[in-house]
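Here's the structure we're looking at; comments come further down.
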Amino acid sequence: MNVKRFSTKVIGWLIAGFAIVGVSACSSTPNLTDDFSSAGVRPPSGKCSVDPRSIADAVSIGNVDGRGACGIKNAWKVTAVGDVAFSTPARVRCQMVGATSRWIKNAVQPAARSTFGEPVVKLRIAASYACRARNNKRGAKISEHAFGNALDVSAFTLASGRVVEVQSGWNGGRKESSFLKQVHGKSCGTFTTVLGPNADAAHRNHFHFDLGKHGRSGKGKYCR
Ligand SMILES: [Zn+2]
């Protein structure tokens, strides 16, 4: 091939390549530096007391570095906790894995066994790590999801295959409603924030759990 024609072609490819990269970078990562407030917020530590591999199907993914204050220290990708599978892998900080394990043991399974006579085998994960404001509200305080410190669950699948959804079950059939309210009520024993359909419209279709710090001491709870 003629050298001049070849180099013209290469330059053409490069320009096309940069154009594609430029366009996709613009559309996938818009400039959203002001879409949440992180003033005074101290991201949770990477400290952890339990090795997630001993209680879950989990893989260490190191530290997740996100935009602005977003990111996870000591992050894990979790596909199941104990015998309970996740509908989609969750990215959470290490301490959330232990908390989720205790929550399943102390809140979910006792409620499932007493109400339905069978255990929960799967959770529908609605969200885990996400770099965003609370309730996706522009300008609001940064969400615990932005630190991998939160998990949203929208449905529970029982061993028989029966699915209990937060949205339809909260005020639905007697058993569904009772199970969901038991789980919601007991969740505050493990997590520091628990939000459900009674909290606000944003949580009509899922439970939100996190390990955020509340109050001056950082030991408060917020469960609605
Ligand atoms: Zn949430």
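The values are calculated or read from the model by the stated rules, or taken from the named source; none is laboratory data. Everything numeric in this text was worked out from a predicted model, so none of it was measured. Every residue, glycine as well, gets a Cβ built from its backbone with ideal geometry; the counts of neighbours run over all protein chains shown.
Side notes on the structure shown:
- Yes/no for Asn136 being within 18 Å of Ile125 (Cα to Cα), surrounded by fewer than 15 Cβ atoms within 10 Å (Cβ to Cβ), under 18 Å from the mean Cα position of the chain (by Cα) and not acidic (Asp, Glu): yes
- Of all residues in region 109-167, exactly one satisfies the criterion of being assigned to a helix (DSSP H, G or I), near the ligand (Cβ under 10 Å from one of its atoms) and in contact with a Ser or Thr (Cβ under 6 Å, 6 or more places away or on another chain), namely Arg134.
- Of everything in region 195-207 that is more than 17 Å from Ser177 (Cα to Cα) and either in contact (Cβ under 8 Å) with a residue 12 or more places away in the chain or crowded, with 17+ Cβ neighbours inside 10 Å (or both), the residue that is nearest to the ligand (Cβ to nearest atom) is Ala202.
- Scanning region 166-177 for residues that are under 21 Å from Asn135 (Cα atoms) and surrounded by fewer than 17 Cβ atoms within 10 Å (Cβ to Cβ) returns Gln167, Ser168.
- Of the residues making up region 78-88, those that are within 16 Å of Thr157 (Cα to Cα) and under 13 Å from the mean Cα position of the chain (by Cα) are Thr79, Phe86, Ser87, Thr88.
- Within region 168-178, considering residues that are out of contact with any strand residue (DSSP E or B) (no Cβ under 6 Å at 6 or more places or on another chain) and not in a loop (DSSP other than H, G, I, E, B), the one farthest from the ligand (Cβ to nearest atom): Arg174
- The residue list Arg93, Arg113 contains one member that is free of Cβ contacts under 8 Å to residues at least 40 places away in the same chain and either basic (Lys, Arg) or under 22 Å from His203 (Cβ atoms) (or both), which is Arg113.
- Counting the residues of region 178-194 that are crowded, with 16+ Cβ neighbours inside 10 Å and touching a helix residue (DSSP H, G or I) at 6+ places or on another chain (Cβ under 8 Å) gives 10.
- Residue check, His184 at pLDDT 95 or above, under 30 Å from Asp65 (Cα atoms), assigned by TED's automatic domain parsing to the domain that holds Leu211 and outside any strand (DSSP E or B): no
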